[in-house]
Amino acid sequence: MTSKINVLQVIPKLGYGGAETGCYDIAHFLAEKDCGSFIVTSGGDLIKFVKKNKVGIFKLPVHSKNPILIFINVFLLMLIILFKKINIVHARSRAPAWSCYFACLITNTIFVTTFHGTYNYKSKLKKFYNSIMLRSKLTIAGSNFIFGHINDNYSEYLNKHKKLRVIFRGINVDYFNSKNISILKQEKLKREWKLDNNKFTILMPGRLTYWKGQEKFIEALNILVEDYNLTNFQAILLGSDQGRKVYFKKLMSLVERYNLTKKIHFIQHCKEMPLAYSLADVVVSASVEPEAFGRVAVESQSMGKPIVASNIGGSKETILNKKTGFLYKHDDPRELAKSLNTVNQLNQEELKLMGNEGRKNVTKKFDVEIMCDSNLREYKKLLKN
């Protein structure tokens, strides 16, 4: 076996999600550490930013759950493993993980996985399908919440020969830094989004889907008006419906019913998320189902913004309640409204203190460099054993 560490990461698509950006960050970190770094993916918007002279890209249909394509991918992955002298294969999703598992088995290559979410595990068939993420030499959980979920629901697939390790996801704290924000760009975006400088600005990023809690958020805004007489605010729902037209119409109906049309701005996309965060007085994550990690909570804290989030999943680990933000009882719009009103009543000094504590929290625990370095250390341990 070659002494050089050659890592092949496999992910369905290289988009802008948490798993995808993590894959991207680790790939470039490994290249900087003089490791061989390669990614297999079916495509994605993030590919154009990959430094091709440092990170090798192979396009295969690893997004597909078609058993025939999964089988074909086994042999294509074997060729890459042998040709590029890969000694660690790191799968980041279930369908490609099955292909990786058999390719590693045949080529005697170390197989690693990252368990990114809770997945649907209610049926025996689904649970078996998910179990591929625990058939690796090392399974990485992105939070203590996911670690607990695995132990509680997949104990039959765990044994002393397989390692389960928590490595928190990380973000680029230099990118998500309020000090790097251009005032000119900020003013331009305010004009584009038709925002008022004199209003309390509430930002809720995330794709428009039921479990992200946009309905509860809109209900909470109505409660702010009705119960707290708070009217001088504007809210930004930043995210695409990704084809969920029925859900989008439902949200619009809620907005109209509560007479909030002039207060809520629906924005499809923002190329520079730090810029979006910089416009907010408070950021909201209103998920009604547990977030595996909760990237919004971490990014907003890194930007020095108070975060209000539901008290389930990864948010309980990333937010210091009443210090860097506020946790409220999930699925309860009244509690969400109460927390938003609390933030609105903070003075500038209190807001600044909360923002500074949030920034410190993220740089200490959730810096992308920490995540990447932890992954590399685990790779080295596996190769020594």
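Quick grid of which residues meet (1) within 22 Å of Met273 (Cβ to Cβ); (2) touching a Lys or Arg at 6+ places or on another chain (Cβ under 9 Å):
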residue: Ile11; (1), (2): yes, yes
residue: Gly17; (1), (2): yes, yes
residue: Cys23; (1), (2): yes, yes
residue: Ile26; (1), (2): yes, no
residue: Val40; (1), (2): no, yes
residue: Ile57; (1), (2): no, no
residue: Pro67; (1), (2): no, no
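Of the strands (runs of 3 or more DSSP E) lying entirely inside segment 31-123, those carrying at least 3 residues that are within 24 Å of the chain's Cα centre (by Cα), touching a residue at least 24 places away in the same chain (Cβ under 8 Å) and surrounded by 18 or more Cβ atoms within 10 Å (Cβ to Cβ) are 36-41, 88-91, 110-115.
Just to check your reading of the model, which residue among Leu203, Leu238 is buried (at least 20 other Cβ atoms within 10 Å of the Cβ), within 24 Å of Pro306 (Cβ to Cβ), touching a Pro at 6+ places or on another chain (Cβ under 6 Å) and in contact (Cβ under 8 Å) with a residue 12 or more places away in the chain?
Leu238
Hey, can you tell me all the residues within segment 126-162 that are in contact (Cβ under 8 Å) with a residue 40 or more places away in the chain and either assigned by TED's automatic domain parsing to the domain that holds Pro274 or over 23 Å from the mean Cα position of the chain (by Cα) (or both)? Within segment 126-162, just Lys137 meets the criteria. For segment 255-272, check the following and say yes or no: at least one residue is touching a residue at least 40 places away in the same chain (Cβ under 8 Å), outside any loop (DSSP other than H, G, I, E, B), aliphatic (A, V, I, L, M) and within 27 Å of Asn356 (Cα to Cα). No; the residues of segment 255-272 include none that is touching a residue at least 40 places away in the same chain (Cβ under 8 Å), outside any loop (DSSP other than H, G, I, E, B), aliphatic (A, V, I, L, M) and within 27 Å of Asn356 (Cα to Cα). With the condition kept exactly as written, say whether any residue in segment 99-120 is more than 30 Å from Ser3 (Cβ to Cβ) and modelled with pLDDT of 95 or more. The answer is no, given that none of the residues of segment 99-120 is more than 30 Å from Ser3 (Cβ to Cβ) and modelled with pLDDT of 95 or more. Out of all the residues in segment 278-318, which are of a type in the set (Ser, Thr, Tyr), more than 18 Å from Asp367 (Cα to Cα) and outside any strand (DSSP E or B)? Hits for segment 278-318 are Ser278, Ser287. Remark: Phe248 falls outside the filter, which requires a residue to be surrounded by fewer than 19 Cβ atoms within 10 Å (Cβ to Cβ) and in a strand (DSSP E or B).
The values are calculated or read from the model by the stated rules, or taken from the named source; none is laboratory data. Fair warning: this is a prediction, and the values are worked out from it, not measured in the lab. Ideal geometry is used to build each Cβ from the backbone, glycine not excepted, and the neighbour counts take in all protein chains shown.
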